[in-house]
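J.: Have a look at this one before I ask anything.
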Amino acid sequence: MADYHALRRRIYLTVVVIAAFAFVVVGFAYSLNTALSYLLGAGGGLLYFRMLDRSIQGIGEGNRRLGGPARVGLFAVLMVMAIKSGSLEILPTFFGFLTIKAAILVDTLRTLFGDV
Amino acid sequence: MNDITAAASVIAAALAVGLAAIGPGIGQGNAASKAAEGIARQPEAEGKIRGTLLLSLAFMESLTIYGLLVSIVLLFANPFRG
């Protein structure tokens, strides 16, 4: 399980680094509202990843379910919040949510090509 | 938004999220069952198997999320609203 915990830790760290960098860049290039929308999405993505991680840790421990509406519901709540709030934007929130995928890709590439 | 656009949007939203959930649902079920099987066969490789499952499930579920995004946009921020 040490491999798994190391992978989780690396991905969390990568998400935080990418999100912080993107927040600053978006804040300067667009506006604070856009950057906050991105940050909200990134936070939601992190929470989503944590829920996925919990359910994967539960595999093989009795009757824990892998699926369920909670993770996808989290995304739906996040997007509806961004749409309805008026001050937040849809696209930055969605891209923020996708930060976790970017972190996974970065980690996979790092694993493939070794630490440089 | 006129009635036909509203009705078409609701049907399209339902189809988008419903159809987008079929493939990943089957894929996630297969992946999880094979991972549980692998962990039972080789408990010493548990960390690696769970790690691979985490990454593959994250990407599989993103397909459902794309469908959900389309349906949310159709329902709450419809670009075809008159």
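Residue-by-condition table, conditions (1) within 30 Å of residue A:30 (Cα to Cα); (2) at pLDDT 90 or above; (3) part of a helix (DSSP H, G or I):
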| site | (1), (2), (3) |
| --- | --- |
| A:63 | no, no, no |
| A:71 | yes, no, yes |
| A:78 | yes, no, yes |
| A:84 | yes, no, yes |
| A:94 | yes, yes, yes |
| A:100 | yes, yes, yes |
| A:107 | yes, no, yes |
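J.: Something else now. Filter segment A:40-60 down to residues that are within 14 Å of chain B (Cβ to nearest Cβ) and open to solvent by 40 Å² or more (accessible area, probe 1.4 Å) and give me whichever is farthest from the chain's Cα centre (by Cα).
T.: A:60
J.: Now for a separate question. Looking only at segment A:21-39, filter to residues that are open to solvent by less than 50 Å² (accessible area, probe 1.4 Å) and either in contact with a strand residue (DSSP E or B) (Cβ under 9 Å, 6 or more places away or on another chain) or assigned to a helix (DSSP H, G or I) (or both); which one of those is nearest to residue A:85 (Cα to Cα)?
T.: A:37
J.: Can you work out which of the residues in segment B:19-40 that are in contact (Cβ under 8 Å) with a residue 24 or more places away in the chain and within 23 Å of residue A:11 (Cβ to Cβ) is nearest to the other protein chains (Cβ to nearest Cβ)?
T.: Checked segment B:19-40; the qualifying residue nearest to the other protein chains (Cβ to nearest Cβ) is B:32.
J.: Just the residues that are touching a Gly at 6+ places or on another chain (Cβ under 7 Å) and acidic (Asp, Glu), please, taken from segment A:1-57.
T.: Once the filter is applied, which keeps residues that are touching a Gly at 6+ places or on another chain (Cβ under 7 Å) and acidic (Asp, Glu), segment A:1-57 yields only A:3.
J.: Counting just the residues of segment B:41-82 that are assigned to a loop (DSSP other than H, G, I, E, B) and more than 9 Å from chain A (Cβ to nearest Cβ), which one comes out surrounded by the most Cβ atoms within 10 Å (Cβ to Cβ)?
T.: B:78
J.: Mind checking whether some residue in segment B:10-18 is out of contact with any strand residue (DSSP E or B) (no Cβ under 9 Å at 6 or more places or on another chain) and either within 12 Å of another protein chain (Cβ to nearest Cβ) or closer than 18 Å to residue A:1 by Cα (or both)? Give the derivation first.
T.: First, pick out the residues of segment B:10-18 that are out of contact with any strand residue (DSSP E or B) (no Cβ under 9 Å at 6 or more places or on another chain): B:10-18.
Pick out the ones that are also either within 12 Å of another protein chain (Cβ to nearest Cβ) or closer than 18 Å to residue A:1 by Cα (or both) and you get B:13, B:17.
Yes, that holds for at least one residue.
J.: If you don't mind, there's one more thing I want to ask. Among the residues of segment A:1-47, what is the count of those that are aliphatic (A, V, I, L, M), in contact with a Pro (Cβ under 8 Å, 6 or more places away or on another chain) and free of Cβ contacts under 8 Å to residues at least 60 places away in the same chain?
T.: First, pick out the residues of segment A:1-47 that are aliphatic (A, V, I, L, M): A:1-2, A:6-7, A:11, A:13, A:15-20, A:22, A:24-26, A:29, A:32, A:35-36, A:39-40, A:42, A:46-47.
From the residues that got through so far, the ones that are in contact with a Pro (Cβ under 8 Å, 6 or more places away or on another chain) too are A:26, A:35.
Still in the running and free of Cβ contacts under 8 Å to residues at least 60 places away in the same chain: A:35.
Counting residues in segment A:1-47 that are aliphatic (A, V, I, L, M), in contact with a Pro (Cβ under 8 Å, 6 or more places away or on another chain) and free of Cβ contacts under 8 Å to residues at least 60 places away in the same chain gives 1.
The values are calculated or read from the model by the stated rules, or taken from the named source; none is laboratory data. Just so you know, these numbers come straight off a predicted model, no measurement behind them. Cβ coordinates were reconstructed from backbone atoms using ideal geometry, including for glycine residues, and neighbour counts include every protein chain displayed. Surface areas here come from the heavy atoms of the whole protein model, side chains and all, with no ligands, DNA or RNA. Shrake-Rupley method; radii C 1.70, N 1.55, O 1.52, S 1.80 Å.
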